[in-house]
Amino acid sequence: MRAIAYTHAGLPIDDPQALIDIDLDLPQPGPRDLRVAVRAVAVNPVDTKVRRNAATEGPRVLGWDAVGVVDAVGSEVTLFQPGDAVYYAGVIDRPGSNAEYQLVDERSVGRKPASLDDAAAAALPLTAITAWELLFDRLRIGEGGGEGQTLLVIGAAGGVGSILVQLARTLTKLTVIGTASRPDTQDWVYAMGAHHVIDHSLPLTEGLARLGIPQVEHVASLTHTDQHYAQIVDVLAPQGQLGLIDDPGQLDVMALKRKALSLHWELMFTRPLFKTADMQRQHDLLDRVAELIDAGVLQTTLGEHFGRINAANLRRAHALVESNRAKGKIVLEGW
């Protein structure tokens, strides 16, 4: 089967060897696995981080967003059958979706939204799982809850922010404030449903003050947490919550003590990595997101379509993600 991989970590993305086209053997499913014929994929920051930093002894296939059709199933599979259209993000310790066929545990897979084409659906899985888990499992905002409280989403125009803003606006009573630094990304965040948008290239306190909101109860910091950390501590109300997903070099947790602030990490790979008892919640939430998409409550976060799935187009996608100027999700489709 055709696939795209890297063989040497750390190569700049403009190097033709940073991602290369290869051929691999067709994988055989384990007991709980689906083998999926991949039709579309999306690119996330994790793809670029792994390519830059994770050494590999052989070709490593990246990709943690996919839409496809179930081609074969393992002996213990109960949730799907061949021919089912699915979408999923998979797990970081197995070969990724940048291949014609991929193995994925059925408990991390949802039924593809019927109202979306393959490209539009591929934009959703990893970010939808991340945003859902961050909002409902980590910050523990209940559906329909949060009345009278405010959520500040830092980096709201990216993939996770785009779906997090939608979930918070449509499924809770929170006031949702997103941050974005350019007119086009600010317009995008408003289109996703934010009540307000402020510029994170300026002090957060100033942006909130202009809205007449001196403090917020919840912050979802999705990018550059270390740069904004002191300001986050400043704008959080006493007993507030900070949820984050990025990789700050170091955080001074003692800064949280005086206000009794709580810190919550979200990593959507945790459940499948550790085969947790509640691992199937990812299947359930992806099915729920698909229902909300098909009901018109949520919309795809597809930002740009980069053409067919091949090494050249994936290098272009990685470059845009690394520039920190992507809006929504970058999707590739077809072989």
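Hand me the tally of lysine pairs in the chain: alpha carbons under 25 angstrom apart, and the pair either on different chains or 8 or more positions apart.
Total qualifying Lys-Lys pairs in the chain comes to 7.
How much FRET efficiency would the formula 1/(1 + (r/R0)^6) give for Lys275 and Leu211, where r is the Cβ-Cβ distance and R0 is 51 Å, rounded to 0.05?
Computed FRET efficiency for Lys275 and Leu211: 0.70.
Step through the residues of segment 254-265 one at a time and calculate ³J(HN,Hα) from phi using the Karplus curve (6.51 cos²θ - 1.76 cosθ + 1.60, θ = phi - 60°), rounding each to whole Hz and writing x for Gly and Pro.
5, 5, 8, 5, 4, 8, 6, 7, 10, 10, 10, 8
If you build the convex hull over the alpha carbons only and average its shadow over all orientations, what do you get for segment 188-335? Give it in nm² to one decimal.
11.9 nm²
At 1.4 Å probe size, with every protein chain present, just tell me what the per residue accessible area of the chain comes to in Å².
It amounts to 41 Å² per residue over the chain.
To the nearest 20 Debye, how big is the dipole of segment 125-226 about its Cα centre, given +1 on the beta carbon of each Lys and Arg and -1 on that of each Asp and Glu? Don't jump to the answer; show the numbers that get you there.
Values: 6 positive and 10 negative charges, 22 e Å.
Around 100 debye, computed over segment 125-226.
All other residues with a Cβ under 12 Å from the Cβ of Asp105 taken together, and with Lys, Arg as +1 and Asp, Glu as -1, what is their net charge?
+2
Over all directions, what mean area does the Cα convex hull of segment 82-208 project, stated in square nanometres?
Numbers: hull surface 38.6 nm².
Mean shadow area of the hull around the Cα atoms is 9.7 nm².
May I ask you to work out the translational diffusion coefficient for segment 19-79 at 4 °C, viscosity 1.567 mPa s, via Stokes-Einstein with Rh from the Kirkwood sum over Cα pairs, reported in whole µm²/s? Don't jump to the answer; show the numbers that get you there.
Numbers: Rh = 13.6 Å.
Diffusion coefficient, whole number: 95 µm²/s.
Collect residues whose amide H, placed 1.01 Å from N in the peptide plane, falls under 5 Å from the amide H of His218; neighbours closer than 5 in sequence don't count.
Distant-sequence amide H within range of His218: Thr150, Leu152, Gln241.
Report, by chain and number, residues whose modeled amide H sits under 5 Å from the one on Asp84, excluding near sequence neighbours (fewer than 5 apart, same chain).
Excluding prolines and chain starts, which carry no amide H, the hits are Val70.
If the only charges are +1 at each Lys and Arg Cβ and -1 at each Asp and Glu Cβ, what is the size of the charge dipole of segment 1-143 around the Cα centre, to the nearest 20 debye?
My answer is approximately 300 debye.
Is it possible to state the helix-based mean residue ellipticity at 222 nm for the chain, with each DSSP H run of 4+ residues giving -39500 (n - 2.57), the sum divided by total residues, to the nearest 500 deg cm²/dmol? What is it?
-8000 deg cm²/dmol
So, with +1 on the Cβ of K and R and -1 on the Cβ of D and E, and no other charges, what is the size of the charge dipole of segment 202-305 about its Cα centre, to the nearest 20 debye?
Taking the Cα centre of segment 202-305 as origin, the dipole is about 400 debye.
Measure nothing but the geometry: give the 0 to 90° angle between the long axis through the Cα atoms of 281-294 and the longest principal axis through the Cα atoms of the chain, rounded to 10°.
For helix 281-294, the angle is close to 80 degrees.
Under the Karplus relation 6.51 cos²θ - 1.76 cosθ + 1.60, θ = phi - 60°, what is the ordered set of whole-Hz ³J(HN,Hα) values for segment 107-117, x standing for Gly and Pro?
Couplings: 6, 10, 10, x, 6, 4, x, 5, 7, 10, 6 Hz.
Would you please classify the overall shape of segment 272-335 from the alpha carbon gyration tensor, given that a ≥ b ≥ c denote the square roots of the eigenvalues, rounded means a/c under 1.5, and beyond that prolate means a/b larger than b/c while oblate covers the rest?
prolate
Output wanted: per-residue J couplings in Hz (rounded whole) for segment 27-38, from phi through Karplus 6.51 cos²θ - 1.76 cosθ + 1.60, θ = phi - 60°, x for Gly and Pro.
x, 10, x, x, x, 9, 8, 9, 9, 10, 7, 6
Using a 1.4 angstrom probe on heavy atoms only, work out the carbon and sulfur share of the accessible area of the chain in %.
Values: 6740 of 13810 Å².
The nonpolar share, carbon plus sulfur, comes to 49 percent.
Name all residues of segment 251-274 having a backbone nitrogen under 11 Å from the label point set 7 Å from the Cα of Asp137 along its Cα→Cβ direction, giving them as ranges.
From segment 251-274, the list is 266-274.
Just name one of Gly296, Ala277, Gly328: the one whose Cα is farthest towards the positive end of the charge dipole of segment 271-333 (beta-carbon charges, Lys/Arg +1, Asp/Glu -1).
The residue sitting farthest along the positive end of the dipole is Gly328.
So what are the radius of gyration and Dmax for the Cα set of the chain, in Å?
When restricted to the Cα atoms of the chain, Rg and Dmax are 19.6, 59 Å.
Output the 0 to 90 degree angle, nearest 10, between the alpha-carbon long axis of helix 159-171 and the longest principal axis computed from the alpha carbons of the chain.
It is inclined by approximately 60 degrees.
Quick one: how many Å² of Asp234 are accessible to a 1.4 Å probe, rounded to 10?
My reading of the accessible area for Asp234 is about 90 Å².
The values are calculated or read from the model by the stated rules, or taken from the named source; none is laboratory data. Bear in mind that the values here come from a model prediction, so they are computed numbers and not experimental data. Neighbour counts run over all protein chains shown; Cβ positions are idealised from the backbone, glycine included. Just so you know, the surface numbers come from the protein's heavy atoms only, side chains and all, with ligands and any DNA or RNA stripped out. Shrake-Rupley method; radii C 1.70, N 1.55, O 1.52, S 1.80 Å.
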